[in-house]
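K.L.:
Shown below is the structure under consideration.
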Amino acid sequence: MEDFRCAVDLLVTLDYVDEDRIGVVGVCGGGGYAATAARTDRRIKALGTVVAANYGRIVDAHAIRLWR
């Protein structure tokens, strides 16, 4: 998720970027990461994915169960 946050940090500093119209696109595994980034960073206003499942969230949920 850090990569998404850093990219948005950079985008909002550019004069030609409208910070109210930042979106992300993710394909396959990247779609899950894009969805998580959009869910956690309110600066991301649009999301497009081509993904069967949010693997990042599935892995996180599985990891939490393992630590219990």
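The values are calculated or read from the model by the stated rules, or taken from the named source; none is laboratory data. Predicted model, so just to flag it, every value in this text is computed and none were measured. Please note: Cβ atoms are built from the backbone with ideal geometry, for glycine as well, and neighbour counts cover all protein chains shown. Please note that ligands, DNA and RNA were not included when accessible areas were found on the heavy atoms of the full protein model with its side chains. Shrake-Rupley method; radii C 1.70, N 1.55, O 1.52, S 1.80 Å.
K.L.:
Out of all the residues in the stretch 23-34, is one or more modelled with pLDDT under 85 and in contact with a Phe, Trp or Tyr (Cβ under 7 Å, 6 or more places away or on another chain)?
P.N.:
yes
K.L.:
Identify, please: which residue in the stretch 1-22 is touching an Asp or Glu at 6+ places or on another chain (Cβ under 8 Å), of a type outside the set (F, W, Y) and not in a loop (DSSP other than H, G, I, E, B) and is, among those, least open to solvent (accessible area, probe 1.4 Å)?
P.N.:
V8
K.L.:
Given the criterion open to solvent by less than 60 Å² (accessible area, probe 1.4 Å) and at pLDDT below 95, identify the matching residue among A61, A52, A46.
P.N.:
When all the criteria are applied, what remains is A61.
K.L.:
Something else now. Sort out which residues of the stretch 23-40 are touching a residue at least 24 places away in the same chain (Cβ under 8 Å) and either closer than 18 Å to C6 by Cβ or open to solvent by 30 Å² or more (accessible area, probe 1.4 Å) (or both), and write them in order of number.
P.N.:
If the condition is that a residue be touching a residue at least 24 places away in the same chain (Cβ under 8 Å) and either closer than 18 Å to C6 by Cβ or open to solvent by 30 Å² or more (accessible area, probe 1.4 Å) (or both), then G23, V24, V25, G26, V27, Y33, A34, T36, A37, T40 are the ones that fit.
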